[in-house]
Amino acid sequence: MFFPKNKIIIGAANFGANYGFVGNPKNINLEKVKKIVTLCEGYGINKIDTAMGYANSEKIIGNLKNDLKVITKFPYIPGSRNNIKKEIILRVNNSLKKLKSKKIHALIMHDPEQLLSQNGKIIYETLLDLKSKNIVEKIGVSVYDENTLLKIVSLYNIDVVQFPCNYLNRTFLSKDLILKLKKKNIEIQARSIFLMGFLLNNNFKNNQYLKKWSKTFEAINKWHVENKISKLESCLSFIASKKYIDGFIIGIDNLSQVKDILKIKNLKKPNFFFPAMKDLNLIDTRLWKQNKILKNDKGLALWNKASKTILGGNMIFSKRPDLFLPNKWPTYFSKSKGCKIWDISGKSFHDMSLMGIGTNILGYNVQKVDDAVKNVIKLGNLTTLNCPEEVEISEKLIQLHPWADMTKLARTGGEASSVSIRIARAATGKDNIAFCGYHGWHDWYLSANLSNSNKLNEHLLPGLSARGVASNLKNTVFPFLYNDLEGLKKIISQKNIGTVKMEVCRNELPKNNFLKKVRDLCTKKGIVLIFDECSSGFRQSNGGLHKIYNVNPDIATFGKALGNGYPITAIIGKKEVMEAAQESFISSTFWSDRIGPTAALATLAEMAKIKSWNIITKKGNYLRKKWTSIAKKYNLNLKLYGIPALSAFTINSPRFLEYKTFITQEMLKKKILASNSVYLSVAHEKKIIDCYLYELDKIFKIIGECEQGRNIYSLLESPVCISGFKRLN
């Protein structure tokens with residue numbers, strides 16, 4: 001296959017600066033650049049690509065004294081409309097001065113999403129003005145995603161587009177898009193044809209970020225051997241086979257590399273190229289981060305060790321560092337007090353995040369609770385006989401919920417959830433369950449994905465695997481949407497439902513008397529109604545959240561805050577329902593320990609004394625009000641979720657995960673553990689919340705700029721966090 005060398009565009013990122021991800025050689029000085037350019041010109045190569053942000057690249061190009069057509073890129077421009085126009089003109093004039101030229105061949109936007117912001121029109125008009133004055137010959141954009149490009153070309157008449165293109169990344173090669181670009185006479189320039197050099201030198205074993213795709217790169221190496229083609233030639237062959245590409249940028253590292261490329265006369269074209277990949281974390285190089293572990297970072301070193309010896313790396317998904325700030329999250333703690341945590345390296349942080357995943361309403365290391373536990377440890381925790389505290393806590397829970405008659409204690413939320421399902425099935429004699437929300441990891445719940453792998457998408461994690469769940473549980477559990485009474489009625493009418501299990505509310509509040517209508521429907525149909533209060537219990541009332549709505553279930557489960565950090569959960573219910581399970585075997589050794597009930601009694605006593613639910617609800621309302629105010633200040637479309645004491649927000653943007661990562665990154669620098677949700681506690685003093693809000697104001701300001709086109713990826717210092725739990729309610 002013919003190798004169109006005249007389509008090569010010299011990539012000048014390494015001229016005068018180190019650039020790239022995979023350990024490029026030292027920057028190339030002027031004398032070396034002169035030799036490279038002279039060699040290229042002999043093959044009809046007459047374009048060079050640079051950027052205003054590439055250190056001394058423009059200056060070196062200006063000293064070459066040749067007729068190369070220069071393509072340069074400008075970044076996001078902050079400020080008002082007038083400031084943006086002045087800044088673009090100023091930067092162009094500075095580039096012309098460095099380039100020692102009167103004209104720029106093509107002026108490209110490095111952060112083109114700014115064209116889609118409220119300042120897009122003034123930017124475009126400024127570029128057209130430069131073009132009309134013959135200062136710039138062509139204008140264009142450098143893009144990473146197809147949707148952004150489609151929006152831009154529908155609004156503006158541009159001359160050039162640059163996009164990543166290699167055999168792994170074929171995002172922009174759809175026939176419809178190419179035809180649309182060609183119809184508008186837009187010049188297509190491909191970049192990242194070697195995937196930042198990694199398709200040539202994929203030493204993935206020594207790369208902390210990319211080694212997760214080791215099997216992919218091993219397959220790539222095997223493919224090259226089987227097809228008897230070099231890595232360099234396969235990349236060039238792929239790009240040359242796309243005749244509609246008008247030019248392709250090759251980042252130049254050294255003279256030897258240029259000679260190797262230019263000596264190729266004809267390219268070998270394999271019968272098929274290595275298959276394309278859809279994993280953006282691999283093919284979108286904006287997401288790549290060096291991700292090196294610092295030698296003194298004990299937490300990350302321990303996490304790496306744990307990942308090899310512990311299934312999943314730890315005991316609970318919600319504490320995975322990848323959910324917060326991959327390879328930079330502290331991960332492990334040494335001690336805690338109030339709402340403060342010390343990691344194993346001795347650094348302290350204020351916890352404006354999970355607070356033990358909602359377990360510590362009173363704060364960490366509360367003396368009254370801890371002292372009660374210490375006392376029973378001295379007396380003995382687990383013996384042949386039962387502890388009297390389990391009777392006392394059972395009576396207390398029934399006292400707080402007069403509709404209930406009996407209890408069963410467990411130690412985890414998942415256990416309590418499964419126990420409640422066993423009891424309900426025993427009471428009704430029916431297997432089938434309608435559910436809403438998140439209810440743990442047990443088989444009865446995950447079996448929803450046996451019939452359709454997407455059934456839990458809105459409840460838990462998209463694509464959650466039911467691998468290992470007994471196949472005979474298929475079609476026994478059926479999800480419904482919160483506040484969708486008609487959807488629930490339909491399931492009940494079709495699926496012989498015996499149990500309805502749901503959270504009272506989580507992300508949104510009940511509408512149109514939803515809870516009361518569910519209660520009436522279950523009563524009418526003889527269905528056992530279970531309220532899962534493991535997260536909501538004791539946060540907005542002295543007991544279950546259902547008390548506020550004056551709707552009583554047949555069974556309720558409690559956990560999380562019940563023991564202020566000590567393992568204890570409870571199932572409470574009506575006598576006629578609970579007694580139906582007397583003959584069902586529901587039993588576990590450690591459910592009879594003394595620490596859990598003792599901690600629960602001390603916790604409930606302290607909560608009642610200070611009315612903790614009122615304190616944290618007030619704090620939550622204050623926090624939500626401030627979130628809304630700061631977001632409005634910077635024109636962010638914020639959506640709030642949850643009850644006040646368990647509040648969360650999302651920013652309505654396709655880059656929300658990037659913003660979430662950025663929030664955590666910047667907060668961590670200020671010794672604050674934070675993300676987009678806060679489990680508030682009594683220990684969160686106003687001055688701590690205000691300190692957090694002060695920092696969030698600065699972060700939201702930058703995010704506001706990113707929504708107007710600033711490059712969020714240039715601000716991130718680690719890979720983007722992964723998404724967490726998604727709930728129907």
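The values are calculated or read from the model by the stated rules, or taken from the named source; none is laboratory data. On a predicted model such as this, the values are computed, not experimentally measured, just so you know. When we count neighbours, we look across all protein chains shown, and the Cβ atoms used for this are built from the backbone with ideal geometry, even at glycine.
Entry remark, the range 656-674: residues being of a type in the set (Lys, Arg) and crowded, with 23+ Cβ neighbours inside 10 Å number 1 in total.
Quick one: which strands (runs of 3 or more DSSP E) lie wholly within the range 611-729 and hold at least 1 residues that are among the polar types (S, T, N, Q)?
The strands (runs of 3 or more DSSP E) meeting that bar are 646-651, 677-679.
If you go through the range 47-62 and pick out every residue that is in a loop (DSSP other than H, G, I, E, B) and modelled with pLDDT under 90, you end up with 4. Scanning the range 561-576 for any residue that is closer than 16 Å to Phe435 by Cα, modelled with pLDDT of 95 or more and either in contact with a Leu (Cβ under 6 Å, 6 or more places away or on another chain) or surrounded by fewer than 24 Cβ atoms within 10 Å (Cβ to Cβ) (or both) turns up nothing.
The residues listed here are Ile193, Ile188; of these, the one that is over 27 Å from the mean Cα position of the chain (by Cα), in contact (Cβ under 8 Å) with a residue 40 or more places away in the chain and over 19 Å from Glu113 (Cα atoms) is Ile193. Asn147 satisfies every condition listed in (1) in contact with a helix residue (DSSP H, G or I) (Cβ under 9 Å, 6 or more places away or on another chain); (2) farther than 30 Å from Leu64 by Cβ except (1). If you take the residues of the range 85-120 that are under 38 Å from the mean Cα position of the chain (by Cα) and assigned to a strand (DSSP E or B), which of them is surrounded by the fewest Cβ atoms within 10 Å (Cβ to Cβ)? Selected residue: Ala106. The residue of the range 599-637 that is farthest from Val391 (Cα to Cα), among those that are surrounded by 19 or more Cβ atoms within 10 Å (Cβ to Cβ) and small (Gly, Ala, Ser), is Ala631.
Residue-by-condition table, conditions (1) modelled with pLDDT under 95; (2) in contact with a Lys or Arg (Cβ under 7 Å, 6 or more places away or on another chain); (3) under 17 Å from Asp484 (Cα atoms):
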position: Leu509; (1), (2), (3): yes, no, yes
position: Leu515; (1), (2), (3): no, no, yes
position: Lys525; (1), (2), (3): no, no, no
position: Ser541; (1), (2), (3): no, yes, no
position: Gly559; (1), (2), (3): no, no, no
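Mind checking whether some residue in the range 173-183 is in contact with a helix residue (DSSP H, G or I) (Cβ under 6 Å, 6 or more places away or on another chain) and at negative phi? No, the range 173-183 contains no residue that is in contact with a helix residue (DSSP H, G or I) (Cβ under 6 Å, 6 or more places away or on another chain) and at negative phi. In a residue-by-residue description of the range 304-321, the property of being of a type in the set (Ser, Thr, Tyr), outside the structural domain of Lys619 (by TED's automatic domain parsing) and part of a helix (DSSP H, G or I) applies to no position. Condition test on Ala580, is it of a type in the set (A, V, I, L, M) and either in the same structural domain as Val528 (by TED's automatic domain parsing) or closer than 19 Å to Ile398 by Cβ (or both)? So Ala580 passes the test.
Going through (1) touching a Leu at 6+ places or on another chain (Cβ under 8 Å); (2) surrounded by 16 or more Cβ atoms within 10 Å (Cβ to Cβ); (3) of a type outside the set (A, V, I, L, M); (4) farther than 28 Å from Trp441 by Cα one by one, Asp370 falls short only on (1). Take Gly346 and decide whether it is assigned by TED's automatic domain parsing to the domain that holds Tyr659, exposed (fewer than 13 other Cβ atoms within 10 Å of the Cβ) and part of a loop (DSSP other than H, G, I, E, B). Yes; evaluated as a whole, the condition is true for this residue.
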